[in-house]
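*Asks:* My questions all concern the structure below.
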Amino acid sequence: MSSIKAPPIYKVTAYQLLLLLLACLIAVILTGWVSAYSLLIGGLISALPSATFAGRVFKYRGARAAHKIARELYVGEAIKLMSMGAGFALSFCYIEPLNVAALFVGFTMIHLAGLAMFARIL
């Protein structure tokens with residue numbers, strides 16, 4: 001067991017989801033339901049796989065666990081990329097009507113919010 005504390009990854013995910021809900025509420029008021037749920041789907045496509053990745057990577061800590069950490073990095077990144085790809089594919093196939101611009105805005109906004117939050121806490 002290591003004495004190194006894990007970073008607060010769940011705080012980052014909570015911040016991302018709160019920002020996403022606020023953006024969806026604003027989108028409902030300004031542009032309507034289609035843009036709002038497209039924004040929500042795009043944000044979830046970013047936030048959920050990223051949270052899964054972070055949970056896998058920060059499961060182990062310390063120099064003795066370096067091999068396990070490296071393995072979880074590769075496996076977690078593969079799972080994250082496949083989940084994001086599947087999320088976009090399923091959205092394009094099954095969500096009708098879909099505002100594609102709002103979908104990508106939601107994805108990009110939540111991704112950048114996560115990066116900013118990690119940079120702030122680390």
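The values are calculated or read from the model by the stated rules, or taken from the named source; none is laboratory data. Predicted model, so just to flag it, every value in this text is computed and none were measured. Reconstructed Cβ throughout: ideal geometry from the backbone, glycine too, with neighbour counts over all protein chains shown.
*Asks:* Taking the options PHE92, PHE107, PHE88, name whichever one is in contact with a Ser or Thr (Cβ under 8 Å, 6 or more places away or on another chain) and either among the β-branched types (Val, Ile, Thr) or modelled with pLDDT of 95 or more (or both).
*Replies:* On the way: PHE92 fails: in contact with a Ser or Thr (Cβ under 8 Å, 6 or more places away or on another chain); PHE88 fails: in contact with a Ser or Thr (Cβ under 8 Å, 6 or more places away or on another chain).
When all the criteria are applied, what remains is PHE107.
*Asks:* Pull up the stretch 62-92, narrow it to residues that are buried (at least 17 other Cβ atoms within 10 Å of the Cβ) and of a type in the set (D, E, K, R), then point me to the one that is farthest from SER3 (Cα to Cα).
*Replies:* It comes out as LYS80.
*Asks:* Follow-up question, since we're still on this one. Can you name the condition, by its number, that SER46 falls short on among (1) more than 27 Å from ALA6 (Cα to Cα); (2) in contact with a His (Cβ under 7 Å, 6 or more places away or on another chain)?
*Replies:* Only one criterion is unmet by SER46, namely (1).
*Asks:* Would you pick out the residues in the stretch 32-73 that are at pLDDT 95 or above, over 17 Å from the mean Cα position of the chain (by Cα) and hydroxyl-bearing (Ser, Thr, Tyr)?
*Replies:* The one that is at pLDDT 95 or above, over 17 Å from the mean Cα position of the chain (by Cα) and hydroxyl-bearing (Ser, Thr, Tyr): SER35.
*Asks:* Does ALA54 satisfy the condition of being crowded, with 19+ Cβ neighbours inside 10 Å and more than 20 Å from LEU103 (Cβ to Cβ)?
*Replies:* Working: crowded, with 19+ Cβ neighbours inside 10 Å: yes; more than 20 Å from LEU103 (Cβ to Cβ): yes.
Yes, satisfied.
*Asks:* Residue pairs, Cβ under 7 Å, 6 or more apart or interchain, first in the stretch 75-99 and in contact (Cβ under 8 Å) with a residue 24 or more places away in the chain and within 17 Å of GLY43 (Cα to Cα), second assigned to a helix (DSSP H, G or I) and small (Gly, Ala, Ser). List them.
*Replies:* LYS80/SER50; LEU98/SER38; LEU98/SER91; ASN99/SER35; ASN99/SER38
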